[in-house]
Amino acid sequence: MNFKSSNPFLGNKNFSKPTALAAQQDSALISYGQEMTVSGTINKSFIMLLLLLATASVTWYLAFNGMNPMPLAIGGAVIGLILVLVSSFKPHLSTYLAPAYALFEGLFIGGISAIFEAMHPGLVIQAVGATFVTFLVCFGLYKYNIVKVNEQFKSVVIAATLAVVTYYVISFLLSMFTSFTPVHHGNSLMSIGISVVVIIIAALNLFLDFDMIEKGAQKRLPKYMEWFGAMGLMITLVWLYIEFLRLLSKLSSRD
């Protein structure tokens, strides 16, 4: 079975490739303690979160002390994207790429958060809270089998995510080279509605990430796949957080 998930950085994340990964498992017996586990992935997710928060505080500090954080934020976003793409093709390098991604993505998150906070004080803590609550709700629904991740569920979520990514890319390109203004810009009711839909899709991706991690542990994948799974989960959480920032900003600007 091929377990896939999707997010704004990747069309899909192959958690079990029938070629390279299977060949590695067939060629050598993975000893106990060298297998992927759910608890190990959770621990590595916490490590990545701490690394992200550490570098996010750097750009946050710069922004509120008269310095321009945007060069760091943009650089962090670009390098973070590159690391994700490399990791998607070279999962065995995730042990090094995942922590590096968290560090560079933190620079981006800190800069973006500072900008939104300057425009709407108190917005960041609301977005953090909304992201945290959404994660807990989705985790609870998955853990207690209220939401079952079957093949149909995966197909719908992946298709919806790819549709969002395609829309964002086309809108960005049109706005870059024409006078076109994307519908999701501004604070119109339609724009707010689009943000709500995108947040729902991002939240649904959490179920796919949970499922990938659980199935990866059941399949006794190599230990480095814990970093790969943690990286995929972090990507989805970052996307969800940014979308909450955008939605709350739109709502605040209508007051």
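The values are calculated or read from the model by the stated rules, or taken from the named source; none is laboratory data. As the structure is a prediction and not an experimental result, all values here were calculated from the model. Here Cβ is always computed from backbone atoms with ideal geometry, including for glycine, and neighbour counts include all displayed protein chains. What goes into the accessible areas is simple: the full protein's heavy atoms, side chains included, and nothing from ligands, DNA or RNA. Shrake-Rupley method; radii C 1.70, N 1.55, O 1.52, S 1.80 Å.
Please give the helix 189-218 orientation as an angle from the longest Cα principal axis of the chain, in degrees from 0 to 90, rounded to the nearest 10. The angle comes out near 20 degrees.
Note on the chain: dipole from Cβ charges, positive end direction compared against Ile109, Asn150, Leu208; the farthest Cα belongs to Asn150. Enter the angle in degrees (range 0 to 90, nearest 10) between the Cα long axis of helix 94-119 and the first principal axis of the Cα atoms of the chain, meaning the one along which they spread out most. Helix 94-119 and the main axis of the chain meet at about 20 degrees.
Using the Cβ-Cβ distance between Ser179 and Gln126 with R0 set to 30 Å, the FRET efficiency works out to roughly 0.35. Within the accessible area of segment 75-223, the carbon and sulfur atoms contribute 76%, probe 1.4 Å, all protein chains present. In this Cβ point-charge picture (+1 for Lys and Arg, -1 for Asp and Glu), the chain has a dipole of about 340 debye about its Cα centre.
For segment 72-135, the square roots of the Cα gyration tensor eigenvalues, ordered a ≥ b ≥ c, give a/c of at least 1.5 with a/b no greater than b/c, which places it in the oblate category. Among the chymotrypsin sites (Phe, Trp or Tyr not before Pro) within segment 83-147, those in coil by DSSP and having at most 10 neighbouring Cβ atoms inside 10 Å are Tyr144. Full extension of the chain between Ser188 and Thr166 gives 5.8 nm of extra length, using 0.36 nm per residue less the Cα-Cα distance.
If you sort Thr95, Thr161, Thr134 by accessible surface, 1.4 Å probe, largest first, the order is Thr95, Thr134, Thr161.
For the pair His92 and Val78, label points projected 7 Å from Cα toward Cβ lie 3.1 nm apart. Compared with the dominant Cα axis of the chain, that is its longest principal axis, helix 38-63 is turned about 30°. Between Lys223 and Gln152, residue separation times 0.36 nm minus the direct Cα-Cα distance comes to 22.7 nm.
How much area per residue is accessible in segment 38-253 when the probe is 1.4 Å and only protein heavy atoms are counted (Å²)?
Working: 10370 Å² over 216 residues.
Ligands and nucleic acids excluded, the result is 48 Å² per residue.
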